[in-house]
Each structure stands twice: as C-alpha cells, then as structure tokens.
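What follows is one structure encoded as structure tokens, with my remarks underneath.
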Amino acid sequence: MKAVVHERYGPPEVLRVKEVERPEPQQDEVLVRVVASSVTRSDAGLRNTEYWFSRLLTGVRRPKRIVAGMELAGVVEQVGASVTELHAGDEVFGIKGGANAEYVCVRESGLLAHKPAGLTFDEAAVLADGPLLVLSTLEPQERAGQRILVYGASGSIGTAAVQLAAHFGAHVTAVCNGKNVELVRSLGADEVVDYEREDFTKRGETYDVVYDAVGKHSFRRARRALRPGGLYMSMDLGYLWHLPLVVLATRWLGSRRATLGIGRYRREDLLLLKEIVEAGGYRPVVDRVYPLEEAVEANRYVETGQKTGNVVLRVAS
Ligand SMILES: NC(=O)c1ccc[n+]([C@@H]2O[C@H](COP(=O)([O-])OP(=O)(O)OC[C@H]3O[C@@H](n4cnc5c(N)ncnc54)[C@H](OP(=O)(O)O)[C@@H]3O)[C@@H](O)[C@H]2O)c1
C-alpha cells in the first residue's frame, strides 16, 4: 500500500510517498481503507522535533513508527474475529498513528467511531484532533455561563475551542486576524477582536479563562484581562519551560492562575463529539485539501503556522 513515511526526523522534505506492507488486523482490530487523513501541527512537531522531548515517545535517534499522520476517515474493509460493533463497509473516523496511508488497523475499542451522518470524508478526517484537545484541556462542558476568550481562534484548536465553548453555553470572545473575523463569528463567537486593530487586554473587559490556542500571547500580558480567580491556559508546549515558575508564582502571589494545557485523546470525547456534530453543534473547518502525493507541500503549509482550521490529505477518491 502507499503511505507517507519519514525514516528520520527533519523538515517536510524528509517525507516520501512509498510502498509499504499493508497491516493485518488483530482479533480485536478493524482494517480501515483510508479515504482522507490530515496533516496537523502535532504531526509536523513530531517529525521536525520542534520540542526535543517528543523523541522520548517517538524514538530517540530515529522515528519508531515511520508512517506519518494520525487523523483518519474511511471505510471498514475487514474486521478481526472478536470485533462485534463494526462491520465491513461501515464509514468511520478517528485517530491512529500511521494514518497517512491507504490502510490502517485500529482497535474497535480505540479512537474510532462511525462517521457522523452528513459529513464528507474530508470533513471527518479533520474532525478529531482539535476538538479532542479542547475537550481534554479547556473542558468546555464545565464552563457554561463563563466568559472565555480564545486567542488564536482561527487555527485548528482555536476553531474547535470557539465552537465547543459556545455549544456548552459559555460567552465566547474570539481573537484572530481581520481576514478571519467573519469565519470565526460564523462559528458562534459572541464577540470577535481583530488583533491587528485592537489589543483585547485594553478593552476593559475581563474573562474567566483566556485560552491561548496558539501560544502566541503570555500570562504577563493577559493577566489584566483575567477576573480574580481567572485562568490563563497556553496550548504551546514550549510553555513547559516557564510553567513551574509561573504556576508557583501565580499560586502564591495572586488569585489569577496560569497553566499549560496538555491535550489527550479520549474515546469518550470522540463519541461525545460525534453526538455534538450530529446535533448540529460543531462543524470542522477545512482550509486546504492536498492529494497524498503532495504530502511534502501539505506539511510545508502546516509548518507556516498560518493555516485556517485544518489541512486534509486526500488518500483515495
Ligand atoms: N498542548 C497540547 O496538548 C498541544 C497538542 C497539539 C498541538 N499543540 C500546539 O498548539 C498550537 C496550535 O495548534 P493548531 O493546530 O491550532 O495551530 P494552527 O492551526 O497552525 O494555528 C494557525 C492559526 O494561528 C493563528 N496565528 C498565528 N500567529 C498568531 C498570532 N501571533 N496571534 C494570533 N493568532 C495567530 C493564525 O491565524 P492568523 O491568520 O490570524 O495569524 C492561524 O489561523 C501549536 O503550537 C501546536 O504545536 C499543543
């Protein structure tokens, strides 16, 4: 089968589209024929080792898993002997390492669910990553009625945060570039601030949470826009270095707190997301669609840090 592989760490140019062995499903796994996958900032970060500590998970000298990608949408081709809920022909979406490929095996009890009715494969292929990171960090279910500001509202995590916070009943202020104001408003933001024209910290408004979805702001600057007891959460993993100091300082010196959001992929969040999509409470934002053969170009674009929403890698027609 065809797959996007990288046998060493480095820039997008280390990626190759190659023939590799098709995986065989274990008893509790299904074989999915991938129709569409994606390229995320996490995929790029794990390949270019933007943060060296990611190598502790992916292989210190060389990548342990050479096939790139994590998000997938496709059709179940074959099921293992103990699989009960899924059947050949079912349309599914989810997350599994090695998804930039024609086939991938996923445990039935893993991060896999039926594709929500009404979504295309391209949309379903970018459905899981941003929302699952938001559900496990911002925890929007717990924030009904709160005032949440999403900084970097036009990215993958940002577009998910705006929609899910609004869906669960928060008052959402979104901060983005002027060109994305209408898009972000259409996602359910109550207020939108164009960061090129206005500094949200000088509006005289305060928030329960400032959720820095792209890690481009800072607690020091966001502090005056936080209510007493308010929380600044950065999604930038580089924040890890400042975190011990900031957390200690904010615990002891003030009532406003700062923290790093460490996202997790949880099956219960995937199933919840499917329900929200089917109820009309969430729609994935697709920026560009690249064919599998153009994986290098897709990764170059993702690494600009300027995509709007998500980038699809089309695997099959
Ligand atoms: N903590 C975790 O668990 C975790 C997990 C995965 C990823 N991450 C990290 O989370 C971050 C966001 O990921 P993502 O996929 O959402 O990113 P993304 O989609 O690449 O974000 C791109 C968006 O960021 C906006 N942006 C760029 N510079 C900005 C600035 N200075 N101010 C405001 N907006 C700006 C851009 O919009 P404009 O056109 O408005 O500039 C663009 O729409 C990345 O750093 C990624 O590595 C964290």
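The values are calculated or read from the model by the stated rules, or taken from the named source; none is laboratory data. Just so it is clear, the structure is predicted and the values come from calculations on it, not from any experiment. With ideal geometry, Cβ positions are generated from the backbone for all residues, glycine too; neighbour counts draw on all protein chains shown. Areas reflect the complete protein model, heavy atoms only, side chains present, ligands, DNA and RNA absent. Shrake-Rupley method; radii C 1.70, N 1.55, O 1.52, S 1.80 Å.
Summary table
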| item | result |
| --- | --- |
| Residue pairs, from the table Lys96/Lys274; Lys2/Lys179; Lys115/Lys216; Lys216/Lys274; Lys274/Lys307; Lys18/Lys96, whose Cα atoms sit over 28 Å apart | Lys2/Lys179; Lys115/Lys216; Lys216/Lys274 |
| Distance between the stretch 47-86 and the stretch 210-283 - C-alpha centres, whole angstrom | 26 Å |
| Beta bridge orientation in the chain: antiparallel %, DSSP, nearest 5 | 55 percent |
| Separation between Cα centres of the stretch 127-176 and the stretch 292-312, rounded to whole Å | 22 Å |
| Loop-resident sites, the stretch 35-134, for GluC sites (Glu not before Pro), counting at most 12 other Cβ within 10 Å (DSSP) | Glu85 |
| Cut-off 16 Å, label 7 Å out along Cα→Cβ of Glu196, residues of the stretch 143-164 by amide N | 152-155 |
| Charged-residue dipole, Cβ positions (Lys, Arg, Asp, Glu), the chain about Cα centre, Debye nearest 20 | 1400 debye |
| Candidates per trypsin sites (Lys or Arg not before Pro) in the stretch 225-261, loop by DSSP, up to 15 other Cβ within 10 Å | none |
| Among Asn48, Gln26, Ser37 the positive-end extreme of the charge dipole of the stretch 1-99 (Cβ point charges) | Asn48 |
| Restricting the stretch 65-123 to trypsin sites (Lys or Arg not before Pro) in coil, as DSSP defines it, with at most 11 other Cβ within 10 Å | none |
| The chain, accessible surface, carbon-and-sulfur percent (1.4 angstrom probe) | 49 percent |
| Heavy-atom surface of the chain, accessible at 1.4 Å and reported per residue (Å²) | 45 Å² |
| Modelled FRET efficiency - R0 25 Å, Ser218 with Trp52, Cβ distances, 0.05 increments | 0.65 |
| Hull shadow area, averaged, the chain [alpha-carbon convex hull, nm²] | 16.0 nm² |
| Where labels lie 7 Å past Cα in the beta-carbon direction, separation of Arg65 and Ala117 in nm | 3.2 nm |
| Point-to-point label distance, Glu19-Ala249, nm (Cα→Cβ direction, 7 Å offset) | 5.8 nm |
